[in-house]
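The values are calculated or read from the model by the stated rules, or taken from the named source; none is laboratory data. This one's a predicted model, so the numbers in the text were calculated from it and none came from an experiment. Backbone-built Cβ (ideal geometry, glycine too); neighbour counts: all protein chains shown. Side chains are part of the model used for accessible areas, which takes the heavy atoms of the whole protein and leaves out ligands, DNA and RNA. Shrake-Rupley method; radii C 1.70, N 1.55, O 1.52, S 1.80 Å.
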Amino acid sequence: MSQPNIKAEILLPAMEQAIDPIVIIDEHNDVVFFNPAAERMWGLSRDKVVGRNVSCLVPVEVRNDHDGFIDHNRRTGINKIVGTSREVEFTRADGQYVCGELSISKVRLPGTDKIYYIAVMKDATEESQRRKILILQNDVLQALASDLLIQDVADLLCRRVDSFVPNSVACLILVDADSRLQILSAPGLPKRYFNAIDGLKLAPADLERLKRDPAYSNQLLWRNYQSIAMSLGLEHCRSAPIRTHDNQVSGLFALYSRDPHAPQEWPERIVEACIPFCALAVEQNMTRQHISQLSNFDSLTGLLNRASLHKVIDALIMREGDNHFYLFMLDIDRFRDINDALGHVYADEFLVEIGQRIRELVQDDYIISRSGGDEYIVIVPDCTHAKAVKFAELLINTIAKPMQVGENTLSISCSVGISCFPDNGPDSESLLSNADAAMRQAKADGRRVYRFAGQGKNQVAQDRLVLGSALRDSLAKGMLNLHYQPQVEAASGGLYGVEALSRWHHPHLGNIFPSRFIAVAEETGQIEAIGRWSLQEACRQMRAWDDDGVHVPTVAVNLSAVHFRNRALPQYISGLLKQYKLTPERLTVEITESVMMDSSSDTIEVLHSIRNMGCGLSMDDFGTGYSSLSRLTRLPLSEIKIDRSFINDFEHDTNAQAVTMAVIGIGSRLGMTVVTEGVETEQQRLLLEELKCDVMQGYLFARPLPALELEEWYRAGKARGTFVPPPVERPDTAQAEPEEAQDTPVAAPPVAATPTQTK
């Protein structure tokens, strides 16, 4: 049985009765077919559409360009939309938001060059709205789970709603502790309207009515300010109160529209969907504030606790400019007697009263903390020494006033310790420690007095404390760096290697002598971390130089005695060499006399392991202490270094020349390379060359250089064909100040250098 021909009398009724909207346009882009389903979707009758350009059906923002899109397809045949399915959004004639899934087909009439387009639209409004609400829910919940601040959550929510509802402005408002409106986020709200409602005081009756009648929010946010809103282009408002789990009004969410014909259903639906998200965000913020109150403030006095005090001090330290502030540590004299006499309840009242007395003394920018027990801290920003003296006296005199607690009248006194930033420390810990030491000194001096940090017998210990704390922070933040001093072969003038020397410039303390911070590092247990960092940084730099075509044969790194008691050191060095693709002979480890004199089995084993690995092992500053020649023969050394003290007056001191010649001879017979440090004049170089010294190092060739400057020095030497500088008329620099003397120290007595980092 043959199939009947499907003719127009069948197709047209089928298209007319199709449940999906169908639109057909001709070669002029005019609508020639518009079925009843399309009438319902667009809210337009057929007689108002057929015969008109199809642009009357597309979203307003693309109407002017729509004909160009179609004509481009007709000319090129490139199908960006035709033959595909896509989601489109537009506003119906009655203002209702509509979303549809659009597919377009292209039809060429047989026997002609006329091209018609058939568009079939499937209503996806409900599905699109449901998907948008799910997206919104997912975004907000993820933000809340990520512990974002409520401000960030509010901005995310409002901007997302603005993108989902055309021509709208979302607004999230909190009700603060004083029942005032606080606009948290409203990215598109006109400033004049923003100012009108921000800070609005709600009466208790307003809050009660919002609980009973959510629609009352529109009275507060819209009808009372409608004339202002409409003058600024806002036409409608839909809002609802945000309530906590105990039915308290904690905020309002509003959605304003700029379109006088805006739809009703979709904005109302999205406002309703946003309220639970807003409630979650507000409650999370309230919980966070409560936790913050518990974690940052003293529960008894309401003052900052010690943990939050550290944060405040760190913030003050980070301020730019000439930043000075004083820290006052106040401690009640004989508080234990007061506590025992009054009992805990009255003792707590006493502490609250002390806090209140301090509050009455301070200005708005002062910081007060109770850091535990009977200890209070006051920080005075932008303070001078004279002002600090007056404030300390005021504190002592105010606390000394008689106090009535219960039926007891107390005569009390306090002792005050004072520290100053930056003079007494670069961080909160050192400032508090120094103030504490000063406060204890005040108690020792008879109580009811103040003392400044850094005075008297504790100066050295306090300075070490300051440097130790600053060094720990600088090491963690990568503020140390290495300089490299070249070592030149005496016979050939070629580059033998470089010695890596630690340098430290602190942003507040300035340049710190290596002799000082290395000693502090040993005392505070940080020397091992500095040694590991020096090894890694030196190896990293060697690899970087190799990659840049700068061939430095070897780098020498100073390590202290503590490193060689760690059996893991050889494995650590081996790992670095593999990581940076360096052969062992590219690294020399320098040891000090204290290592040489250490007879422990761990130290000896570590030294042999490093040497067996193929790395160099150098005896630094040979001849300055009590080194034993017999020990020299038993250690697996590859190199000895003659200390600069033998070279200072080398040209004129025959004894120094004799000792140097003897050391060179010993090194040569033991198969060791001899390096002489401190070479600063051409005459010294020539004498050492005559004595058959292997390698020289000193200011004659170069001072310790940063890595980039070392590269420049290297390229200049390569261009000359020698790393020995040409002889010039120059003053005798044998007595020149060492590099260390050019640094800027913090004020403190000098300390011994072990190992030395100044060449």
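In the stretch 253-272, what count of residues is obtained for those that are open to solvent by less than 20 Å² (accessible area, probe 1.4 Å) and either among the charged types (D, E, K, R) or assigned to a helix (DSSP H, G or I) (or both)?
Result for the stretch 253-272: 4.
Could you count how many residues in the stretch 98-137 are in a helix (DSSP H, G or I), open to solvent by 80 Å² or more (accessible area, probe 1.4 Å) and either over 30 Å from residue 44 (Cα atoms) or of a type in the set (Val, Ile, Thr) (or both)?
Residues that pass the stated criteria total 1.
Go through the stretch 373-397 and give me each residue that's out of contact with any Phe, Trp or Tyr (no Cβ under 8 Å at 6 or more places or on another chain), open to solvent by 20 Å² or more (accessible area, probe 1.4 Å) and under 16 Å from residue 356 (Cα atoms).
The answer is 375, 394, 397.
Being open to solvent by 50 Å² or more (accessible area, probe 1.4 Å), of a type in the set (Asp, Glu) and part of a helix (DSSP H, G or I) is the requirement here; does residue 473 meet it?
So residue 473 fits the description; yes.
Condition check: at pLDDT 85 or above, over 28 Å from the mean Cα position of the chain (by Cα) and within 26 Å of residue 137 (Cα to Cα). Does residue 276 satisfy that?
In short, yes.
Which residues, taken from the stretch 401-422, are closer than 15 Å to residue 332 by Cα, open to solvent by 20 Å² or more (accessible area, probe 1.4 Å) and either among the small types (Gly, Ala, Ser) or without any contact (Cβ under 8 Å) to a residue 60 or more places away in the chain (or both)?
The answer is 401, 402, 411, 413.
Suppose we filter the stretch 520-546 for residues that are open to solvent by 10 Å² or more (accessible area, probe 1.4 Å), in a helix (DSSP H, G or I) and not acidic (Asp, Glu); how many remain? First the steps, then the outcome.
Initial filter on the stretch 520-546 (open to solvent by 10 Å² or more (accessible area, probe 1.4 Å)): 522-529, 532-533, 536-537, 540-541, 543-544, 546.
Right, trim to in a helix (DSSP H, G or I) and you get 522-523, 527-529, 532-533, 536-537, 540-541, 543-544, 546.
After this cut, where a residue has to be not acidic (Asp, Glu) as well, the list is 527, 529, 532-533, 536, 540-541, 543-544.
Going through the stretch 520-546 one residue at a time, the tally reaches 9.
Kindly evaluate residue 555 against the criterion of being in contact (Cβ under 8 Å) with a residue 60 or more places away in the chain, surrounded by fewer than 20 Cβ atoms within 10 Å (Cβ to Cβ) and under 28 Å from residue 495 (Cβ atoms). Steps first, please.
On the way: in contact (Cβ under 8 Å) with a residue 60 or more places away in the chain: yes; surrounded by fewer than 20 Cβ atoms within 10 Å (Cβ to Cβ): no; under 28 Å from residue 495 (Cβ atoms): yes.
So residue 555 fails the test.
Return the residues of the stretch 35-50 that are over 15 Å from residue 90 (Cβ atoms) and in contact with a strand residue (DSSP E or B) (Cβ under 6 Å, 6 or more places away or on another chain); say none if nothing qualifies.
Result: 35, 46, 50.
If I go through the stretch 325-345 residue by residue, how many of them are crowded, with 17+ Cβ neighbours inside 10 Å and not β-branched (Val, Ile, Thr)?
Step one: filter the stretch 325-345 for residues crowded, with 17+ Cβ neighbours inside 10 Å, giving 325-333, 335, 338-339, 342.
Now narrow it down to the ones that are not β-branched (Val, Ile, Thr): 325-331, 333, 335, 339, 342.
Result for the stretch 325-345: 11.
Taking into account only those residues within the stretch 592-608 that are surrounded by 14 or more Cβ atoms within 10 Å (Cβ to Cβ) and free of Cβ contacts under 8 Å to residues at least 40 places away in the same chain, which is farthest from the chain's Cα centre (by Cα)? Full working, then the answer.
Going residue by residue through the stretch 592-608, those that are surrounded by 14 or more Cβ atoms within 10 Å (Cβ to Cβ) are 592-598, 603-604, 606-608.
After this cut, where a residue has to be free of Cβ contacts under 8 Å to residues at least 40 places away in the same chain as well, the list is 593, 595-598, 604, 608.
Details: 593: 42, 595: 40, 596: 44, 597: 45, 598: 44, 604: 44, 608: 43 Å.
Per the stated criteria, the residue is 597.
Here is a check on your reading of the model: is residue 442 over 37 Å from the mean Cα position of the chain (by Cα), more than 21 Å from residue 359 (Cα to Cα), of a type outside the set (Val, Ile, Thr) and crowded, with 16+ Cβ neighbours inside 10 Å?
Criteria met by residue 442.
Restricting to the stretch 488-511, and then to whatever is of a type in the set (Ser, Thr, Tyr) and open to solvent by 10 Å² or more (accessible area, probe 1.4 Å), can you tell me which residue is farthest from the chain's Cα centre (by Cα)? Spell out the reasoning first.
In the first step, residues of the stretch 488-511 are kept if they are of a type in the set (Ser, Thr, Tyr); the result is 492, 496, 502.
Keeping just the survivors that are open to solvent by 10 Å² or more (accessible area, probe 1.4 Å) gives 492, 496.
Values: 492: 50, 496: 41 Å.
Across the stretch 488-511, the extreme among qualifying residues is 492.
Would you call residue 592 of a type outside the set (Gly, Ala, Ser) and touching a helix residue (DSSP H, G or I) at 6+ places or on another chain (Cβ under 8 Å)?
yes
Say we look at the stretch 331-375 and pick out the residues that are among the hydroxyl-bearing types (Ser, Thr, Tyr) and in contact with a helix residue (DSSP H, G or I) (Cβ under 6 Å, 6 or more places away or on another chain); which of these is nearest to residue 392 (Cα to Cα)?
Narrowing the stretch 331-375 to residues among the hydroxyl-bearing types (Ser, Thr, Tyr): 346, 366, 369, 371.
Those left that are additionally in contact with a helix residue (DSSP H, G or I) (Cβ under 6 Å, 6 or more places away or on another chain): 369, 371.
Details: 369: 16, 371: 18 Å.
So, considering only residues that are among the hydroxyl-bearing types (Ser, Thr, Tyr) and in contact with a helix residue (DSSP H, G or I) (Cβ under 6 Å, 6 or more places away or on another chain), the one nearest to residue 392 (Cα to Cα) is 369.
Among the numbered conditions (1) modelled with pLDDT under 90; (2) open to solvent by 20 Å² or more (accessible area, probe 1.4 Å); (3) not in a helix (DSSP H, G or I), tell me where residue 458 comes up short.
(3)
May I ask you to list the residues in the stretch 503-519 that are among the β-branched types (Val, Ile, Thr) and farther than 11 Å from residue 480 by Cα?
Residue satisfying the conditions is 518 alone.
Take the residues of the stretch 636-667 that are within 22 Å of residue 561 (Cβ to Cβ) and surrounded by fewer than 16 Cβ atoms within 10 Å (Cβ to Cβ): which is modelled with the highest pLDDT?
Here is the first cut: in the stretch 636-667, the ones within 22 Å of residue 561 (Cβ to Cβ) are 636-645.
With surrounded by fewer than 16 Cβ atoms within 10 Å (Cβ to Cβ) added as a condition, the list becomes 636, 645.
On the way: 636: 90, 645: 77.
Checked the stretch 636-667; the qualifying residue modelled with the highest pLDDT is 636.
Please determine whether any residue of the stretch 534-546 is within 30 Å of residue 718 (Cβ to Cβ) and without any contact (Cβ under 8 Å) to a residue 40 or more places away in the chain.
Kept after step one, since they are within 30 Å of residue 718 (Cβ to Cβ), are these residues of the stretch 534-546: 534-546.
Adding the requirement that they be without any contact (Cβ under 8 Å) to a residue 40 or more places away in the chain leaves 543, 546.
Yes, because at least one residue in the stretch 534-546 is within 30 Å of residue 718 (Cβ to Cβ) and without any contact (Cβ under 8 Å) to a residue 40 or more places away in the chain.
Just one of the numbered conditions (1) part of a loop (DSSP other than H, G, I, E, B); (2) of a type outside the set (A, V, I, L, M, F, W, C); (3) at pLDDT below 90 is not true of residue 633; which one?
Of (1) part of a loop (DSSP other than H, G, I, E, B); (2) of a type outside the set (A, V, I, L, M, F, W, C); (3) at pLDDT below 90, only one is false for residue 633: (1).
Has the stretch 18-34 got at least one residue that is buried (at least 17 other Cβ atoms within 10 Å of the Cβ), under 22 Å from residue 124 (Cβ atoms) and touching an Asp or Glu at 6+ places or on another chain (Cβ under 8 Å)?
Yes, the stretch 18-34 has at least one match.
Condition (residue is closer than 20 Å to residue 163 by Cβ and either touching a Phe, Trp or Tyr at 6+ places or on another chain (Cβ under 7 Å) or not basic (Lys, Arg) (or both)) applied to the stretch 211-233: is it met by at least one residue? Outline the logic, then answer.
Within the stretch 211-233, the first condition is being closer than 20 Å to residue 163 by Cβ, and the residues that meet it are 233.
When the remaining residues are screened for being either touching a Phe, Trp or Tyr at 6+ places or on another chain (Cβ under 7 Å) or not basic (Lys, Arg) (or both), the result is 233.
Checked against the condition, which is being closer than 20 Å to residue 163 by Cβ and either touching a Phe, Trp or Tyr at 6+ places or on another chain (Cβ under 7 Å) or not basic (Lys, Arg) (or both), the stretch 211-233 yields at least one hit.
Could you please find all residues in the stretch 72-97 being outside any loop (DSSP other than H, G, I, E, B) and under 18 Å from residue 29 (Cα atoms)?
72, 73, 74, 75, 76, listed by residue number.
Out of the residues in the stretch 668-684 that are among the charged types (D, E, K, R) and surrounded by 21 or more Cβ atoms within 10 Å (Cβ to Cβ), which is nearest to residue 489 (Cα to Cα)?
As a first pass, look at the stretch 668-684 and keep what is among the charged types (D, E, K, R): 669, 677, 680, 682.
Those left that are additionally surrounded by 21 or more Cβ atoms within 10 Å (Cβ to Cβ): 677, 680.
Numbers: 677: 12, 680: 15 Å.
The qualifying residue nearest to residue 489 (Cα to Cα) is 677.
On the given criteria, is residue 425 open to solvent by less than 60 Å² (accessible area, probe 1.4 Å), in a loop (DSSP other than H, G, I, E, B) and under 24 Å from residue 472 (Cβ atoms)? Steps first, answer last, please.
Numbers: open to solvent by less than 60 Å² (accessible area, probe 1.4 Å): yes; in a loop (DSSP other than H, G, I, E, B): yes; under 24 Å from residue 472 (Cβ atoms): yes.
So residue 425 passes the test.
Which residues, counting only those in the stretch 197-231, are of a type in the set (A, V, I, L, M) and surrounded by fewer than 17 Cβ atoms within 10 Å (Cβ to Cβ)?
At the first step, the residues of the stretch 197-231 found to be of a type in the set (A, V, I, L, M) are 197, 200, 202-203, 205, 207, 210, 215, 220-221, 228-230.
Within the stretch 197-231, 203, 205, 207, 215, 228, 230 meet the criteria.
May I ask you to list pairs of residues, at least six apart or on different chains, whose Cβ atoms are under 9 Å apart, with the first in the stretch 56-69 being under 10 Å from residue 90 (Cα atoms) and the second being of a type in the set (A, V, I, L, M) and assigned to a helix (DSSP H, G or I)?
57/38
Run residue 69 past the list (1) assigned to a helix (DSSP H, G or I); (2) touching a strand residue (DSSP E or B) at 6+ places or on another chain (Cβ under 6 Å) and report the number of the one that doesn't hold.
(2)
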